[in-house]
1. Quick one: among PRO235, PRO193, PRO267, which has the greatest mean-square fluctuation in a GNM of the chain with alpha-carbon springs under 10 angstrom?
2. By what distance, in whole Å, do the Cα atoms of segment 206-317 stretch along each of the three principal axes, largest value first?
3. Which value, in Å³ per residue, describes the convex hull spanned by the Cα atoms of segment 256-306?
4. In a solvent-free Debye calculation with one equal scatterer on each Cα, what is log10 I(q)/I(0) for segment 114-181 at q = 0.14 Å⁻¹, listed in the order of the q values?
5. Taking only Cα atoms of segment 289-350, what ratio of Rg to Rh do you get with Rh as the Kirkwood inverse-distance radius?
6. Loop only per DSSP, at most 12 neighbouring Cβ atoms within 10 Å: give me the chymotrypsin sites (Phe, Trp or Tyr not before Pro) in segment 184-271, ordered by residue number.
7. For the pair GLU333 and ASP71, what calculated FRET efficiency results from E = 1/(1 + (r/R0)^6), where r is the Cβ-Cβ distance and R0 = 35 Å, to the nearest 0.05?
8. With loop defined by DSSP as not H, G, I, E or B, and exposure as at most 16 other Cβ atoms within 10 Å, which is the longest segment of the chain clear of exposed GluC sites (Glu not before Pro)?
Amino acid sequence: MKNILVTGGTGFIGSHTCFSLLSEGYNVYVIDSLVNSSKKSLLYIEEIFRRKDIDISNKLRFFEGDIRKKDFINYIFKTALKEKKPIDGVIHFAGLKDVAESVIKPLNYWENNFFGSYNLIKSMKENNCKTIVFSSSATVYGFSSDNLLSEDTQLKPINPYGSTKLAVEKLLNDITQDANENWKIAILRYFNPIGSHESGLIGENPFQKPNNIFPAIINSAYTKEKLKVFGNDWPTKDGTCIRDYIHVMDLAESHLKSLNYLIENDPQLLILNIGKGRGISVIELIKTFENVNNISVPFEFDKRREGDVCQLVADNSKLKSILNWSPTKSLEEMCIDGWKWKNLNPKGYL
Ligand code: NAD
Ligand code: UD1
């Protein structure tokens, strides 16, 4: 398997995964509508390789387009075939991910995340490509009192974004029921990816004011505007919420490991939590960021964020046992690399 279609490949996780795929010698076809990203991320990927005297320009193809248009996806499959690089598998990142926006614009989220995925899967079937790795999220678990979330934890998403992720999971589950179809599917439920490639050349590039904690920390460190920490009265060691942060390069690597696992094994549906399995509080994250980067992050406590969950930490034992792999990069590396990206690109990909 050498030729991979990456949907959403110019985005945060997609661009890092494209880098990892190219490092392993894959040919990469990217489709992205650029609704939340810039195609400059691909130029910077080329630059990382150029600095090592490696030319990957003929291994990376970009198609600007929308997965809501099936004909366009078909066109990419046909183009790859014509180039004698038939697409063997798909890594599917394309989608909208802003939880608050999904509450205001649920139809947008269903159209992009569900209908877009439905189109992609139909196009894959038409083009006889039956291997896919799908970006799901720990958000499918909703509120849970479990200290560690295993893949068997009840699925109860609490917002439209989470509902669309769960709906795609169900669709993927349904198509694997027909054994004649031979689908090979991995559903990866990400916990909290942060950081950037160690070069600082690619990273997270939010178009709007960041809602997630890590870009918000970076923003406060840079602008000295006070970060609002949502709640210091949670039942945790320091009163702030606990999350399971994972370096985006580890997350990227998990896609390659999953892809290889699917290639080497019989058709199946594999569901994996992708996290480090270690809970970090908001205060711990801020303090680590300050210490390793020798910079202050001004913050104040605010009231709890509506819909927030006290603790989300992965039970990643299935990941370790099935892929024989686990994330290795430390919280310190996440903070150093993320800050490097900001300093090299204060305005993102502008
Ligand atoms: P991102 O917004 O940076 O990347 C998503 C990409 O998809 C963007 O480049 C966007 O332009 C593209 N896109 C959106 N709708 C499209 C469409 N209809 N057609 C073509 N392209 C489209 O987000 P990310 O953080 O890289 O997330 C990637 C995936 O992982 C998403 O599906 C997201 O829901 C999921 N996820 C992300 C996180 C996280 O914390 N970042 C956590 C769990 C799951
Ligand atoms: C959020 C989404 C989740 C999505 C994930 C990754 C919600 C309810 N959940 O999860 O669906 O999969 O992002 O995109 O939005 N915090 C602050 N101040 C801030 C921002 C965040 O204190 O300015 C706190 C939050 O209260 C939370 C922690 O930081 O305790 C992490 O927040 P965030 O980065 O938004 O991630 P999640 O809440 O895990």
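1. PRO235
2. Projected onto the principal axes, the Cα atoms of segment 206-317 cover 52, 30, 27 Å.
3. In segment 256-306, the Cα convex hull volume per residue is 143 Å³.
4. So the normalised log intensities work out to -0.49.
5. With Rh from the inverse mean 1/r over Cα pairs, Rg/Rh is 1.08.
6. Numbers: sites: TYR190, PHE191, PHE207, TYR222, PHE230, TYR245, TYR261; in loops: PHE191, PHE207.
Answer in residue order: PHE207.
7. That pair, ASP71 with GLU333, gives E of 0.25.
8. 84-197
The values are calculated or read from the model by the stated rules, or taken from the named source; none is laboratory data. These numbers were taken from a predicted model, which means no experiment stands behind them. Ideal geometry is used to build each Cβ from the backbone, glycine not excepted, and the neighbour counts take in all protein chains shown. In case anyone asks, the SASA skips ligands and DNA or RNA and just uses the protein heavy atoms, side chains included. Shrake-Rupley method; radii C 1.70, N 1.55, O 1.52, S 1.80 Å.
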